[in-house]
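The values are calculated or read from the model by the stated rules, or taken from the named source; none is laboratory data. Quantities reported herein were computed from a predicted structural model and do not represent experimental measurements. Cβ atoms come from the backbone with ideal geometry, glycine included; neighbour counts cover every protein chain shown. Note: accessible area is taken over every heavy atom of the protein model, side chains too, but ligands, DNA and RNA are not part of it. Shrake-Rupley method; radii C 1.70, N 1.55, O 1.52, S 1.80 Å.
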Amino acid sequence: MSAAAATTTGARVPPTVVGAIMAAWALAVGAEISGHGTALHHDALIEGKLPYALALVLFLVAWQAMIAAMMVPSTLPMLRLFAAAATGQPRPRAAIAAFLAGYALVWTAFGSLAFAGDTMVHATVDRTPWLQQHDWLIAGGTLALAGAFQFSGLKDRCLQVCRHPGAFLLRHYERGLPGALALGRRHGLFCLGCCWALMLLMFAAGVANLWWMAGLTALMVYEKTGAGGRRAVPVAGIALLVCAALVLAHPHGLPVLLGGS
């Protein structure tokens with residue numbers, strides 16, 4: 001099937017993708033209930049005794065679950081269209097896997113950079129007694145950054161692309177596994193462009209914080225696919241800026257905001 005036909009033909013999300021999303025959420029719930037999720041929190045890994053490379057690998061393994069649970073749901077409209085177009089290829093399942101691999105590659109790179117950046121933040125805090133006594137400024141600053149980004153032109157431009165997957169597919173679709181990988185990577189870059197600040201909040205909250213996972217996932221999915229998604233963007237921005245102001249004014253309330261983590 002051609003890309004043009006895929007945009008006008010009903011198609012379903014591959015069951016394996018739905019299963020992966022459900023499995024990722026099951027892992028997150030299990031980690032929260034068992035308390036084992038804290039072992040894969042970036043703070044625990046950075047401050048622990050593991051070699052840095054191993055700590056990074058463990059974090060990225062947990063981060064893959066976060067990608068599946070939080071980001072893949074927001075890209076299901078695009079994936080549905082691509083799956084329909086890929087039925088005309090000799091290896092449609094491999095093409096879908098290549099698309100998802102390209103998409104995950106972008107978010108894995110972001111996770112790696114966030115982990116490296118947090119390592120430098122930890123080192124800075126360890127060397128600065130004043131920051132050790134005011135570490136809540138980092139959380140407040142992250143909330144403020146995410147809130148402010150909701151009003152940025154980059155956010156709006158990338159969301160425009162993500163809201164119209166059919167037009168994106170018609171413009172960039174290519175047959176074959178390299179084309180599928182490139183399409184997934186390209187789509188991932190636009191997804192990163194509109195959601196990186198929100199996922200940075202998820203990084204700060206921890207990889208198994210269910211309250212933040214559920215709230216941010218719902219927000220990102222609605223921004224991209226909901227009828228009122230455009231109106232939700234500034235509302236979320238205001239809410240995040242208010243949270244930032246509360247943290248900066250009353251830092252003792254930060255554990256409550258993070259769900260007791």
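Need pairs with beta-carbon distance below 7 Å; first residue over 23 Å from Ala85 (Cβ atoms) and in contact (Cβ under 8 Å) with a residue 60 or more places away in the chain and within region 178-201, second open to solvent by 10 Å² or more (accessible area, probe 1.4 Å) and among the aliphatic types (A, V, I, L, M); sequence gap 6+ or separate chains. So the pair list comes out as Leu200/Ala114. Of all the criteria given as (1) more than 24 Å from Leu200 (Cβ to Cβ); (2) of a type outside the set (A, V, I, L, M, F, W, C); (3) open to solvent by 50 Å² or more (accessible area, probe 1.4 Å); (4) free of Cβ contacts under 8 Å to residues at least 60 places away in the same chain, the one not satisfied by Arg175 is (4). Within the set Ala68, Ala53, the sole residue that is open to solvent by 30 Å² or more (accessible area, probe 1.4 Å) and either free of Cβ contacts under 8 Å to residues at least 40 places away in the same chain or part of a helix (DSSP H, G or I) (or both) turns out to be Ala53. Taken over region 150-163, the residue count meeting the criterion of being surrounded by fewer than 19 Cβ atoms within 10 Å (Cβ to Cβ) and either closer than 21 Å to Leu40 by Cα or under 19 Å from the mean Cα position of the chain (by Cα) (or both) is 7.
For region 10-20, taking the residues that are assigned to a helix (DSSP H, G or I) and touching a helix residue (DSSP H, G or I) at 6+ places or on another chain (Cβ under 8 Å), the one that is surrounded by the most Cβ atoms within 10 Å (Cβ to Cβ) is identified as Val17.
Just one of Cys191, Cys243 is modelled with pLDDT of 95 or more and in a helix (DSSP H, G or I); which is it? Before the answer, list the steps.
Details: Cys243 fails: modelled with pLDDT of 95 or more.
Among Cys191, Cys243, only Cys191 is modelled with pLDDT of 95 or more and in a helix (DSSP H, G or I).
If we keep just the residues of region 246-261 that are open to solvent by 50 Å² or more (accessible area, probe 1.4 Å) and not in a helix (DSSP H, G or I), which is modelled with the lowest pLDDT? Don't jump to the end; show me each part of the working.
The initial filter retains those residues of region 246-261 that are open to solvent by 50 Å² or more (accessible area, probe 1.4 Å), namely 246, 248-250, 252, 255-257, 260-261.
Subsequent filtering for residues that are not in a helix (DSSP H, G or I) retains 250, 260-261.
Values: His250: 81, Gly260: 50, Ser261: 43.
That would be Ser261.
Quick one: how many residues across region 21-40 are closer than 22 Å to Ala218 by Cβ, open to solvent by less than 80 Å² (accessible area, probe 1.4 Å) and of a type outside the set (Gly, Ala, Ser)? Summing the residues that are closer than 22 Å to Ala218 by Cβ, open to solvent by less than 80 Å² (accessible area, probe 1.4 Å) and of a type outside the set (Gly, Ala, Ser) in region 21-40 gives 3.
Within region 117-137, take every residue that is closer than 24 Å to Met70 by Cα and in contact (Cβ under 8 Å) with a residue 24 or more places away in the chain and give me the one that is nearest to the chain's Cα centre (by Cα). Here the answer is Asp118.
Only one entry in Ala53, Ala94, Ala101 is farther than 24 Å from Ala39 by Cβ, over 21 Å from the mean Cα position of the chain (by Cα) and aliphatic (A, V, I, L, M), namely Ala94. Modelled with pLDDT of 90 or more, over 20 Å from Leu113 (Cα atoms), open to solvent by 30 Å² or more (accessible area, probe 1.4 Å) and among the aromatic types (Phe, Trp, Tyr) - does that describe any residue in region 71-92? No, that holds for no residue. Applying the selection to region 124-147, what residues are open to solvent by less than 30 Å² (accessible area, probe 1.4 Å) and either more than 11 Å from Pro251 (Cα to Cα) or among the acidic types (Asp, Glu) (or both)? Within region 124-147, Val125, Thr142, Leu143, Ala146, Gly147 meet the criteria.
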